[in-house]
Amino acid sequence: MQIYPTALTDVCLLEPKVFGDDRGFFLESFNAQTFTALTGLDVTFVQDNHSRSQQGVLRGLHYQIQQAQGKLVRCVVGEIFDVAVDLRRSSPQFGQWVGEKLSAENQRQLWVPPGFAHGFLVLSPVAEVLYKTTDYYAPTYERSLRWDDPAIAIDWPLAAGQQPQLSTKDAAAVNLAEAEVFP
């Protein structure tokens, strides 16, 4: 497995070694020892999530203000633009974002640490996303940050004039200036 830094210090891109032949492929999607050796982090994942979405769906930007979740995200069908936003007020990168294309083809994964909002836009006709979390889903603590907050200015790969398809919850999300954030 290879690890690549991103524009945000604590967010990294992981690329597994893929063994392929005319029958298909094999890859190790997660190995705790390898993850710790590459990242220096000793994390425990407690929940696996799986979502399926159509092209143009934007999920996020989500985070939990308590029981903050670290997420290891990968796309196993199709392609997404995956985004992390630093919501740690003490961080020199507070309010900054990073985005990476994850796909079934490139097999890459994004590590999104606790203290970050996370979301993705589906670029292919359909996408299935799997992600591991370091804490359990706690709806009481879940918050949503606006996908189009001009203070963050995420450069979503949308066609001119295209609006993403949002859930009711995500359509009602708040801007960073109004958001509950981490110390």
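The values are calculated or read from the model by the stated rules, or taken from the named source; none is laboratory data. Quick caveat: nothing in here was measured; it's all calculated off a predicted structure. Cβ sites come from the backbone with ideal geometry, for glycine too, and all protein chains shown count toward neighbours. Quick note on the areas: whole protein, heavy atoms, side chains included, nothing else; ligands and nucleic acids left out. Shrake-Rupley method; radii C 1.70, N 1.55, O 1.52, S 1.80 Å.
Residues whose amide H comes within less than 5 Å of that of V57, counting only those at least five positions distant or on another chain, are V122, Q165 (H built at 1.01 Å from N in the peptide plane). Once all protein chains are placed together, Y137 keeps about 120 Å² accessible to a 1.4 angstrom probe.
Ordering of 108-119, 153-164 by packing is 108-119, 153-164, highest average first (other Cβ atoms within 10 Å, averaged per residue). For the stretch 41-55, the Karplus equation 6.51 cos²θ - 1.76 cosθ + 1.60, evaluated at θ = phi - 60°, returns couplings of 9, 10, 10, 10, 8, 10, 8, 10, 10, 9, 10, 10, 9, 8, 4 Hz by residue, with Gly and Pro reported as x. Per-residue 3J(HN,Hα) values for the stretch 117-134, derived from phi via the Karplus relation 6.51 cos²θ - 1.76 cosθ + 1.60 with θ = phi - 60°, read 7, 9, x, 8, 10, 7, 9, 9, x, 8, 9, 10, 10, 10, 8, 9, 10, 8 Hz in sequence order (x marks Gly and Pro).
For the stretch 95-183, the share of accessible area belonging to carbon and sulfur comes to 51 percent (1.4 Å probe, ligands and nucleic acids excluded). In a reduced charge model with +1 at each Lys and Arg Cβ and -1 at each Asp and Glu Cβ, the stretch 73-165 shows a dipole moment near 220 debye about its Cα centre. In the stretch 129-183, Cα pairs under 8 Å separated by at least six residues give a relative contact order of 46 percent.
Looking at the chain alone, DSSP beta bridges between its own residues are antiparallel in about 95 percent of cases. Spin-label model, T36/R23: points 7 Å from Cα along the beta carbon direction are separated by 3.2 nm.
Solvent exposure of the stretch 25-183 amounts to 48 Å² per residue of accessible area, where only protein heavy atoms count and the probe is 1.4 Å. The residue list W156, A177, W111 was ranked by how far each Cα lies along the charge dipole of the stretch 97-183 toward its positive end, using unit charges on Cβ atoms, and W111 comes out on top. For the Cα trace of the stretch 30-183, dividing Rg by the Kirkwood Rh returns an Rg/Rh value of 0.94. Taking a cut-off of 12 Å between Cα atoms, list the aspartates and glutamates near K132, but don't count ones fewer than 8 places away on the same chain. Partners within reach: D48. Loop-located GluC sites (Glu not before Pro) in the stretch 1-102 (DSSP state not H, G, I, E or B) with no more than 11 neighbouring Cβ atoms inside 10 Å: E28. What the Kirkwood sum gives for the stretch 1-67 is a hydrodynamic radius of 15.2 Å, with every pair of different alpha carbons counted. Phi angles of the stretch 72-80 translate, via the Karplus equation with coefficients 6.51, -1.76, 1.60 and θ = phi - 60°, into HN-Hα couplings of 10, 10, 8, 10, 9, 9, x, 8, 10 Hz per residue; Gly and Pro are given as x.
Please state the relative contact order of the chain as a whole percent: Cα pairs under 8 Å, 6+ residues apart? Across the chain, relative contact order equals 28 percent.
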